[in-house]
Amino acid sequence: METLSRGSTQIEDAPVDGPIPENSSVEYPILTRPNRVYFDSKFLGATKQLPYLLSSLRILMPSANIDVELGDFHGGGNGEVAFLNDLSRVDPNLKANVTLKPPAADVCAWFRERSIGCHVRFSPYECSSFPAQSVLSSYASYDWSPEAHIPEIKFWVDPLKYEQRPLLSDAERQSLREKYNIGNARVVVAGSIGPEEYRVFVDAVVQGARNRHTDGRKTVLLLVPRASSMVESLHVALKKRPFESFSDNAYHFHPSGSKALRRAAAVDAVIITECGVLQDIYSIADVAYIGNTFHPDSQGQNPLEPAFYGTPLVSGHHWMNNDAAFKGLKNSGLLRTVGTVDDLAAALYERHNPASIAKNAARAHEFIVSKQGAAKEYASIIKNLVQVGTPYVDNATPSGAWLS
């Protein structure tokens, strides 16, 4: 029987009684780690970043079998349709390598049978307030499954949000405007707005439309709620204000039945209930509000999706997630933070100079590009775990601006 010490390449399957001790001179049976990587993504925000990692992994491990288990704790489904759409956009060949798995269907058995090469978890919250270097040294440190010797690793999703992504064409953006019957109206997008702030936001939109709407265009508000359970409350809130609203899935109002009222309303509101489309909705925004940022202890949603389009951004002062992104975009001038309804109303209807927008967008683009590289780094870690049994070869450590 062939044998190895820790760190040797594993090339043949054989039973093992326990973990291989560090710095051991004792010889152990050589293992073959299966060429299968199991991804566990339980938040839609994490699932949206997964295709960029999988694309990099396919380059390094073209023959790997990739299994993905999806879920979301916010009532919007598991994100399967959005995930498959994003896979097709990022890399049309990825679908051939990826198999979707129902929750907990086989993973326990696979652990017992040692038929997984690496188990990967995505974590959008656990380590969001720490620099990525700290994350990689603690949360993303790998552990051996006590019985099966399968490495399990946790990755922080925030650094993947900077990865370059396909953007909608002019024709695709025009198609979106037609879908929501926008015409030449001014579009305000509220991205992943939370239950604790939507009333404040709606009041600011109404106040801004009454006091600051000076360019002659009507306002169309595209509301994307954080959770599907908010749809009913949003409709109630909008009906108490000078809005005409409908949901894109005809949850309450069908678009064709409300067009006349919509034309007459001060602000036309559309509640977006499709899962995983926010990144596209941002592409037609004149201004985008980043949800879950207005009150203390707010988590903060992803401000980078609209920033890729150079869209002027508004948010509250509070966030726990995406900290580096918020600070970098604020420094670029593309993001304005506010703390009162009056300031929010003013920011949503601020008349931007096109040249100023272009300069801010260029600075934001430079910032985003400077932080790219996490997908390749994460993919390399997974490859090393599967093929060598350690996350870093020759004690190499990750490098790049995305670490901070």
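Computed from the coordinates by the stated procedures, all read-outs in this text should not be read as laboratory data. Everything numeric in this text was worked out from a predicted model, so none of it was measured. A quick note on method: Cβ atoms are made from the backbone with ideal geometry, for glycine too, and the neighbour counts reach across all protein chains shown.
Taking a 19 Å limit on the Cα-Cα distance, which of the listed pairs 330/376; 95/161; 48/179; 218/330; 95/371; 161/376 fall beyond it?
330/376; 95/161; 48/179; 218/330; 95/371
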Report D for the range 170-369 in µm² per second (integer): Stokes-Einstein, Kirkwood Rh on Cα pairs, 20 °C, 1.002 mPa s.
128 µm²/s
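Can you check how the C-alpha radius of gyration of the range 179-227 compares to 2.2 N^0.38 Å, as a plain ratio?
On the way: Rg = 11.7 Å, N = 49, 2.2 N^0.38 = 9.7 Å.
Compared with the compact-globule rule of thumb, the range 179-227 sits at 1.21.
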Can you give me the long-range amide H partners of residue 294? Hydrogens built in the peptide plane at 1.01 Å from N, cutoff under 5 Å, separation of 5 or more residues or another chain.
316
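Tell me, 179, 48, 42 in order of fewest to most beta-carbon neighbours within 10 Å?
Values: 179 12, 48 24, 42 18.
Going from least to most buried by this count: 179, 42, 48.
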Explain nothing, just the number: dipole magnitude of the range 170-369 about its Cα centre with +1 on each Lys and Arg Cβ and -1 on each Asp and Glu Cβ, in debye rounded to the nearest 20.
620 debye
